[in-house]
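Asker: Here it is, the structure in full.
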């Protein structure tokens, strides 16, 4: 698997830009921009505006999200912020607070 992994116990403050997949098991604060997929694990915390192809949230995300394709909030996941994406799925047991723009 190519990409960037922010491991559990690792905390990053600032701007993260990547062309590949980004997996967050630790903490990221700032901005996150990638042409790939962003996955936030169950222990992951993102306090950042996110721009990506798609976003999968099993942990916590606070910030505005702009996804080219889709945003998936999994059971136990929490997203607070505005979402702009072609598709949004919210699993049973997930939490979402914000506005949605699904203009494809």
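The values are calculated or read from the model by the stated rules, or taken from the named source; none is laboratory data. All of these numbers come straight from a predicted model, not from anything done at the bench. For neighbour counting, all protein chains shown are included, and Cβ atoms are generated from backbone atoms with ideal geometry for every residue, glycine included.
Asker: Tell me, please, whether a residue that is surrounded by 18 or more Cβ atoms within 10 Å (Cβ to Cβ) and outside any strand (DSSP E or B) can be found in region 25-34.
Answerer: Yes, that holds for at least one residue.
Asker: A follow-up question, please. Answer with yes or no whether residue 75 is part of a strand (DSSP E or B), over 20 Å from residue 11 (Cβ atoms) and modelled with pLDDT of 95 or more.
Answerer: No.
Conditions tested, residue by residue: (1) touching a residue at least 60 places away in the same chain (Cβ under 8 Å); (2) crowded, with 21+ Cβ neighbours inside 10 Å; (3) closer than 13 Å to residue 33 by Cβ; (4) touching a strand residue (DSSP E or B) at 6+ places or on another chain (Cβ under 7 Å).
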residue: 46; (1), (2), (3), (4): no, yes, yes, yes
residue: 51; (1), (2), (3), (4): no, no, yes, yes
residue: 54; (1), (2), (3), (4): no, no, no, yes
residue: 76; (1), (2), (3), (4): no, no, no, no
residue: 79; (1), (2), (3), (4): no, yes, no, yes
residue: 85; (1), (2), (3), (4): no, yes, no, yes
residue: 88; (1), (2), (3), (4): no, no, no, yes
